[in-house]
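Presented below is the structure to which this report refers.
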Amino acid sequence: VDFVKERCHKMNMEASLTARDRVGIQDFVLLDAYTSETAFLDNLKKRFHENLIYTYIGTLLVSVNPYKELDNYSKKQMDTYMGVNFFELPPHIYALADNVFRTMLSEFNNHFILISGESGAGKTEASKKILQYYAVSCPSTRLLNNIRDRLLLSNPVLEAFGNAKTLKNDNSSRFGKYMDIQFDHQGGAVGGHILSYLLEKSRVVHQNHGERNFHIFYQLVDGGEDDLLRWLGLQRNCQHYSYLVQVWDCAKVSSINDKSDWRTVRKALSVIEFSESDIEHLFGIIASVLHLGNIKFEADVRGYATLDNNQEMHWVSKLLGIPAQVLQQGLTHRKIEAKTEEVLSPFSVDHAVYARDALAKAIYGRTFNWLVNKVNESLANKDSSRKTVIGLLDIYGFEVFNVNSFEQFCINYCNEKLQQLFIRLTLKSEQEEYEMEGIEWEPVPYFNNKIICDLVEEKYRGIISLLDEECLRPGEATDLTFLEKMEEKIGGHPHFVTHKLADQKTRKTLDRGDFRLLHYAGEVTYCVMRQSKNAIIRHCFPSTEPDSKRRPETVVTQFKSSLVGLTEILMSKEPWYVRCIKPNEAKQPGRFDDVLVRHQVKYLGLMEHLRVRRAGFAYRRKYEIFLQRYKPLCPDTWPNWKGTAAEGVRCLIKHLGYKSNEYKMGRTKIFIRHPRTLFATEDAFQVCKHKLATRIQAKYKGYRVKGDYLKQKEAATRIETCWRGLMARKEREKRSWAVKVIKKFIKGFMTRNQPACSENTEYLAYVRQNYLTRLKENLPKTVLEKDSWLTPPPIMQEVSKLLKQIYIRLMVKKYVRGITPQRKAQLLLKLQTSSMFKGKKENYPFSVCRPFLDTRIKDINIKVLQMILHEQYSVPVVKYDRNGFRPRLRQLIFSLEAAYLVEEAKIKQRIDYSFLKGVSVSNLSDNFLILHVTCDDTKKKGDLVLQCDYLFEALTKLCVIANKQNCFKVVQGSIRFDIQPGREGFVDFKSGQESIVYRAKNGHLTVVRAEFRQC
């Protein structure tokens, strides 16, 4: 989501009115000051700092290396640019790739994309992005997917064998590559072909400070399997090989993972259908080059070279399949043919080293050519029907170093030819477009670099011809004789300068062994003295067989021939261009070096191309596209134009007020001369667009809401209809079912008392189920509610009786299991109380729910406790005197042996249980009790008359502690008690309106108790 928002923001930003000054113009053709290099750089810099690395010059794409990962290469981004008009979206390499692809399909002709720029400018990455786009956008079948995979995986293979770390780039292509991608009539990739140019073979034996050899050497040593290295005679240490340790600190590079790259290469070789035998031989040759570099020579007494490392010689012989003797002879001797005789001339040590390095370069160079051919075999299209082609040319850009050698000469010669082709094709396409549209063509002044190309390649007089001639002349050919020959033959050429031919000022900048060429992109000084010192190095190994008598071609002649072939290939195709620019030498993101970029803009010929594109008219578009975009600006053309597109454009520009010198009407396109005219139109369109967008949004929202409402209304009506029908059907089914059930129920009810039959079976089952269901919901909650059992129907009488017994047992069992020891003791006491008073004393039921406590008095005087041993229970009581019945507060304490009547700290009376004859209570609801004591002595106290609020609890405790179950009596009316031996008293119990205790006139204690009412 964030990515989409950011991308939309960038698209809107480039199209908005106020952002143009900040992010620059996305097509340099629309630059007002198109002749100003400063304005060109300023626009490029603005876009670079906004991470907009792509800019157009017409259909040419300028790409600035950001040196960081950008989030605009996803599958979604590819889909965005797929099938969209070239200028409709912001500049992107996907837009160029898609436009080339669609043009190829529609016109059914061949195209090529030329990708150029300095090392480190991003050429290889650009070609990868184009290949990835075609891999995603092309039609997909199993066969096409195989071809696609081989095309994609050919890159890592060729990079491993042809790329290396340089000072400017960690993955620099050290060869030029042209790849043809073949498509069928539906746009499916069905084949491919690769051509390579000028592999930098000298890197095999020598690298500058801070650079590495080709990647494959390090990948093999670091990533190769142990068995493979053992078979190749290699050790897992780059420091052991002379060709890899010339710059010891560059073997490891942080941005390169050799082990991971090795796995990628091995996988790619398998996909490209290299056999295991081919792979073994391929890596055997690579290993032989490393062993070859470790061969050392020593001088014998005569100064001739001899070998001193038989072990390395053994591995080279084994891996190359060459007899050791033949190999040794070839490294230490030169074969000279004189008529019918062959003479072997021994080498000096220096010559032997040169011969060894030359052999290493030749082996690697021819292996690379074999590898390219093998890849081509895998990509070959087996179908002979006509195919269209898109070519990708990834070639070195113009190079100017402090020291420019033979390789820079070849590279810059290549760029001169491509620049010549570039200008020719661009002017040709411009002129053809003008003529096709019926607009007068005005010749464009430009620098024609044919004079420089002729200086290099002209037959008999060009530098290449002179070099061939000098290499083959009799006698000792040196660098100085070659320089003198050039001064003699081409000394008067305006683009050629040497130390001898230069004026006094220029001579200071040239060494005696240097010559300078004035290329289209600037002056370059080439140093001849730094070329090879021996004739062996000056010649490439002949392409013909060794026994051929033909004169071998020099490297530069071979390169010239291949370049002519490339030019012919490109001239037969429609050109597209990608110019890659390196923003700084330090590979830092966000840093823009004006001087470096200006230098590249000049060498890439971008200003030249811009001037050609701007000659005459800055902007041209088909009538249909122009009208489609800007028709809202005119009321007559909006929203729909009925006539032809040309008439609509003419009406539109008349409404906009274009002047006659600002535009031309072609056959199919409108041509606008000045960018400011287009910008004014675009600004007006942006203002109009926002107004139209608001109106369209309002109309569209209303339309959508109305449509949604109508759809919802129709859907609701359909749902209601279906729902009513469904509910009616369900209701009918329910009623039909209910009728059947009711009939069965009535028949069953009528025959319910008869034996079970088909008519009453369901009814009886219903009665059983209904009873059991009601019984489940109305089961007694406690054992005490056992009498509340639900009355059963006749058919369930017996079952109900069994269920009741089972359920009561279950409740009793659960209740018993849930009783704690304390609760059990409490219930035993209650049971004892029940046996003593149930049905005998009026207020007994009231006491059932009151729990008994262990004691009722917690704070008993300590002195009393010391005198009473084993105190079991205590309770407060009111004691009535025997004489006069005066009430007194006392404490009644039961121990294991006796009962004590206590007044505070004094024991008033002790009653041994053995002297306790009985206990009497009335049958009323009073709280009185009389303790009857055996009294034979007149000095002893008689029976006790007590009133206790916890009567049932105290009497039950006394019964249990004293073990006097049979001495309790419930008396109705009066109770006699002994005051002293021979003297008795009475307590009369009566029922009344209110409770009262008093002494009657007859001397009895009368206790009146209000009638007891249970709650």
Completion exercise
Residues in region 853-902 that are open to solvent by 70 Å² or more (accessible area, probe 1.4 Å) and without any contact (Cβ under 8 Å) to a residue 24 or more places away in the chain total 8
Practice task
Kindly provide the set of residues from region 266-280 that are under 18 Å from Asn145 (Cβ atoms), part of a helix (DSSP H, G or I) and open to solvent by 30 Å² or more (accessible area, probe 1.4 Å), ordered by number.
Solution key: Lys267, Ser270, Val271
Practice task
With the condition kept exactly as written, say whether any residue in region 321-332 is touching a residue at least 24 places away in the same chain (Cβ under 8 Å) and either surrounded by fewer than 17 Cβ atoms within 10 Å (Cβ to Cβ) or under 30 Å from Ile147 (Cβ atoms) (or both).
Solution key: yes
Problem - Flag for Lys814 being at pLDDT 90 or above, open to solvent by 60 Å² or more (accessible area, probe 1.4 Å), on the phi < 0 side of the Ramachandran plot and over 60 Å from the mean Cα position of the chain (by Cα) - result: no
Practice task
Could you look through region 51-102, keep only residues that are under 20 Å from Gly122 (Cα atoms) and of a type in the set (S, T, N, Q), and pick out the one that is modelled with the lowest pLDDT?
Solution key: Thr59
Practice task
Tell me, please, whether a residue that is modelled with pLDDT under 90, in a loop (DSSP other than H, G, I, E, B) and either under 60 Å from the mean Cα position of the chain (by Cα) or not charged (D, E, K, R) (or both) can be found in region 979-987.
Solution key: yes
Practice task
Kindly list, by first and then second residue, each pair from a residue in region 787-816 that is under 14 Å from Lys776 (Cβ atoms) to a residue that is β-branched (Val, Ile, Thr), limited to pairs with Cβ atoms under 9 Å and residues at least 6 apart or on different chains.
Solution key: Trp789/Ile808; Pro792/Val799; Met796/Val767; Ser800/Thr791
Practice task
Tell me, please, whether a residue that is under 30 Å from Tyr763 (Cβ atoms), modelled with pLDDT under 90 and not in a helix (DSSP H, G or I) can be found in region 793-807.
Solution key: yes
Exercise for the section: Test Glu273 against the criterion of being within 36 Å of the chain's Cα centre (by Cα), within 28 Å of Asn155 (Cβ to Cβ) and modelled with pLDDT of 90 or more, and give yes or no. Expected result: no
Completion exercise
(1) within 23 Å of Met836 (Cβ to Cβ); (2) at pLDDT below 90; (3) out of contact with any Ser or Thr (no Cβ under 6 Å at 6 or more places or on another chain) all hold for Lys917 apart from (3)
Problem - Which numbered condition Val739 misses (of (1) more than 47 Å from the chain's Cα centre (by Cα); (2) open to solvent by less than 60 Å² (accessible area, probe 1.4 Å); (3) of a type in the set (A, V, I, L, M)) - result: (2)
Exercise for the section: Filter region 920-956 down to residues that are basic (Lys, Arg) and at pLDDT 90 or above, then give me how many there are. Expected result: 0
Handout entry: Qualifying positions in region 413-422 - under 16 Å from Phe175 (Cβ atoms) and either charged (D, E, K, R) or open to solvent by less than 10 Å² (accessible area, probe 1.4 Å) (or both)
Key = Tyr413, Cys414
Exercise for the section: Taking the residues in region 379-433 that are among the polar types (S, T, N, Q) and modelled with pLDDT of 80 or more as candidates, determine which candidate is nearest to Tyr577 (Cα to Cα). Expected result: Thr388
Exercise for the section: Have a look at Lys740, Lys706, Lys711 and point out the one that is closer than 30 Å to Pro794 by Cβ and of a type outside the set (A, V, I, L, M). Expected result: Lys740
Exercise for the section: Among residues belonging to region 590-635 that are among the small types (Gly, Ala, Ser) and within 17 Å of Met665 (Cβ to Cβ), point out the one that is least open to solvent (accessible area, probe 1.4 Å). Expected result: Ala618
Completion exercise
Residue count, region 751-780, condition touching a helix residue (DSSP H, G or I) at 6+ places or on another chain (Cβ under 9 Å), free of Cβ contacts under 8 Å to residues at least 40 places away in the same chain and open to solvent by 50 Å² or more (accessible area, probe 1.4 Å), comes to 8
Completion exercise
Within region 656-680, of all residues that are open to solvent by less than 30 Å² (accessible area, probe 1.4 Å) and part of a helix (DSSP H, G or I), the one modelled with the lowest pLDDT is Pro675
Practice task
Go through the residues of region 175-185 one by one and say whether even a single one is under 28 Å from the mean Cα position of the chain (by Cα), among the aliphatic types (A, V, I, L, M) and open to solvent by less than 30 Å² (accessible area, probe 1.4 Å).
Solution key: no
Exercise for the section: State yes or no: is Val343 assigned to a strand (DSSP E or B), open to solvent by less than 90 Å² (accessible area, probe 1.4 Å) and more than 30 Å from Ala380 (Cβ to Cβ)? Expected result: yes
Practice task
Please note which helices (runs of 4 or more DSSP H) are completely contained in region 817-882 and include at least 1 residues that are touching an Asp or Glu at 6+ places or on another chain (Cβ under 9 Å) and at pLDDT 85 or above.
Solution key: 821-837, 844-848
Handout entry: Residue within region 618-632 that is touching a Gly at 6+ places or on another chain (Cβ under 8 Å) and not in a helix (DSSP H, G or I) present
Key = yes
Completion exercise
Taking region 681-734 and the residues there that are closer than 28 Å to Val649 by Cβ and among the basic types (Lys, Arg), the one that is modelled with the lowest pLDDT would be Lys689
Practice task
Could you run through region 354-378 and say how many residues are buried (at least 18 other Cβ atoms within 10 Å of the Cβ) and either at pLDDT below 85 or under 15 Å from Ser562 (Cβ atoms) (or both)?
Solution key: 3
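The values are calculated or read from the model by the stated rules, or taken from the named source; none is laboratory data. Note that the structure is a prediction, hence the values are computed from the model and not measured. Quick reminder, even Gly has a Cβ in these numbers, built from the backbone with ideal geometry, and neighbours come from all protein chains shown. Accessible surface areas use protein heavy atoms only, side chains included; no ligands, DNA or RNA. Shrake-Rupley method; radii C 1.70, N 1.55, O 1.52, S 1.80 Å.
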